[in-house]
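The values are calculated or read from the model by the stated rules, or taken from the named source; none is laboratory data. As the structure is a prediction and not an experimental result, all values here were calculated from the model. Neighbour counts run over all protein chains shown; Cβ positions are idealised from the backbone, glycine included. Only protein heavy atoms, including side chains, enter the accessible area calculation; ligands, DNA and RNA are left aside. Shrake-Rupley method; radii C 1.70, N 1.55, O 1.52, S 1.80 Å.
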Amino acid sequence: MPEVIFSGPAGRLEGRYQAPKKKGAPIAIVLHPHPQFGGTMNNQIVYNLFYTFANRGFAALRFNFRGVGRSQGAFDHGSGELSDAAAALDWVQSVNPEAKSCWIAGVSFGSWIGMQLLMRRPEIEGFISIAAMANRYDFTFLAPCPSSGLFVHGSEDRVAPAREVIPVIEKVKTQKGVIIEHQMVEGANHFFDGKVDELTQTVDTYLDKRLGGKTEAA
């Protein structure tokens with residue numbers, strides 16, 4: 001899994017990239033939690049999501065937002081990080097010009113960024129949003145949400161309690177044919193401590209339904 005450096009709006013961005021074996025493979029971008037609270041591309045959930053997609057033959061990228069690790073720049077309260085995510089998608093598309101579709105996955109803060117990118121890039125056909133903080137960030141821009149996807153929360157999440165978040169998400173308007181699903185991991189907190197395997201299985205089950213079984217690892 002090669003380390004990659006690509007250009008972002010605030011300087012170089014550091015990432016890890018798994019190339020697909022087949023031309024035309026779909027793209028997956030995985031976005032990490034809040035940079036100011038220890039979020040990096042090496043977060044365990046991000047790492048597992050990355051390999052969940054890579055093992056299905058995707059061109060998979062995870063990267064550090066500006067100011068994290070070896071990525072240049074400074075935290076920009078979401079606006080700059082959205083630009084970073086767009087630059088990341090541009091870069092993967094540049095090395096996979098045959099790719100026709102893309103998925104976006106995000107964890108906590110990364111979920112908020114990912115859903116904003118979803119609204120701006122019509123080639124994104126699916127999303128995975130883990131521990132989305134719809135109680136702290138405005139998700140009303142999903143009006144309507146253009147792609148089907150999955151929100152997953154922990155039942156014991158005290159940062160973004162499901163009882164506050166799920167009703168917000170359920171109010172999101174959808175286009176015809178778009179289905180937003182919710183899953184709960186029982187006993188999991190915001191960080192899914194001790195529950196990452198269960199979370200990964202939840203995502204795998206959803207992707208099996210949407211995409212079919214796993215292919216040979218890329």
Open item on the list: I'd like to verify a number: residues in the range 192-210 that are open to solvent by 40 Å² or more (accessible area, probe 1.4 Å) and either free of Cβ contacts under 8 Å to residues at least 12 places away in the same chain or among the β-branched types (Val, Ile, Thr) (or both), how many?
Closed with: 7
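Among the listed residues Phe63, Phe58, Phe75, which satisfies the condition of being out of contact with any Gly (no Cβ under 9 Å at 6 or more places or on another chain) and either of a type in the set (Ser, Thr, Tyr) or farther than 16 Å from Met115 by Cα (or both)?
Phe58
Let me confirm something: among Val92, Val159, which residue is part of a loop (DSSP other than H, G, I, E, B), of a type in the set (Val, Ile, Thr) and either over 23 Å from Phe50 (Cα atoms) or open to solvent by less than 50 Å² (accessible area, probe 1.4 Å) (or both)?
Checking each option against the conditions leaves just Val159.
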- [ ] With respect to Glu181, determine if the residue is free of Cβ contacts under 8 Å to residues at least 60 places away in the same chain, farther than 16 Å from Ser108 by Cα, open to solvent by 40 Å² or more (accessible area, probe 1.4 Å) and in a strand (DSSP E or B).
- [x] yes
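Could you list, in sequence order, the residues of the range 82-120 that are among the β-branched types (Val, Ile, Thr) and more than 19 Å from Val159 (Cβ to Cβ)? Don't jump to the end; show me each part of the working.
Initially, the range 82-120 is screened for residues among the β-branched types (Val, Ile, Thr), giving 92, 95, 104, 107, 113.
Result: Val92, Val95, Ile104.
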TODO: Among the residues of the range 105-148, write down those that are under 15 Å from Leu199 (Cβ atoms) and more than 10 Å from the chain's Cα centre (by Cα).
DONE: Ala131, Ala132
TODO: Exactly one condition in (1) among the hydrophobic types (A, V, I, L, M, F, W, C); (2) open to solvent by less than 30 Å² (accessible area, probe 1.4 Å); (3) more than 15 Å from Ala88 (Cβ to Cβ) is not met by Phe37; state its number.
DONE: (2)
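Do we have any residue at all in the range 3-18 that's buried (at least 22 other Cβ atoms within 10 Å of the Cβ), among the charged types (D, E, K, R) and under 23 Å from Phe192 (Cα atoms)? Break it down into steps so the answer makes sense when it comes.
Filtering the range 3-18 down to residues buried (at least 22 other Cβ atoms within 10 Å of the Cβ) leaves 8, 13, 15.
Still in the running and among the charged types (D, E, K, R): none.
No, every residue in the range 3-18 fails to be buried (at least 22 other Cβ atoms within 10 Å of the Cβ), among the charged types (D, E, K, R) and under 23 Å from Phe192 (Cα atoms).
When you look at Leu142, is it modelled with pLDDT under 95 and either within 21 Å of His34 (Cα to Cα) or open to solvent by less than 50 Å² (accessible area, probe 1.4 Å) (or both), yes or no? Walk me through how you get there before you give the answer.
On the way: modelled with pLDDT under 95: yes; either within 21 Å of His34 (Cα to Cα) or open to solvent by less than 50 Å² (accessible area, probe 1.4 Å) (or both): yes.
Yes.
Need at least 3 residues that are over 18 Å from the mean Cα position of the chain (by Cα) and in contact (Cβ under 8 Å) with a residue 40 or more places away in the chain per element, so show me which strands (runs of 3 or more DSSP E) inside the range 1-81 make the cut, counting only ones lying wholly within it. I'd like the intermediate steps shown before the answer.
Details: elements: 3-8, 11-18, 27-31, 59-63.
So the answer is 3-8.
So, in the range 40-50, of the ones that are in contact with a strand residue (DSSP E or B) (Cβ under 8 Å, 6 or more places away or on another chain) and open to solvent by 30 Å² or more (accessible area, probe 1.4 Å), which residue ends up nearest to Val203 (Cα to Cα)? Write out each step before concluding.
Here is the first cut: in the range 40-50, the residues in contact with a strand residue (DSSP E or B) (Cβ under 8 Å, 6 or more places away or on another chain) are 41, 43, 45-47, 49-50.
Applying the additional criterion that residues be open to solvent by 30 Å² or more (accessible area, probe 1.4 Å) yields 43, 47.
Numbers: Asn43: 16, Tyr47: 13 Å.
Among those residues, the one meeting the criterion is Tyr47.
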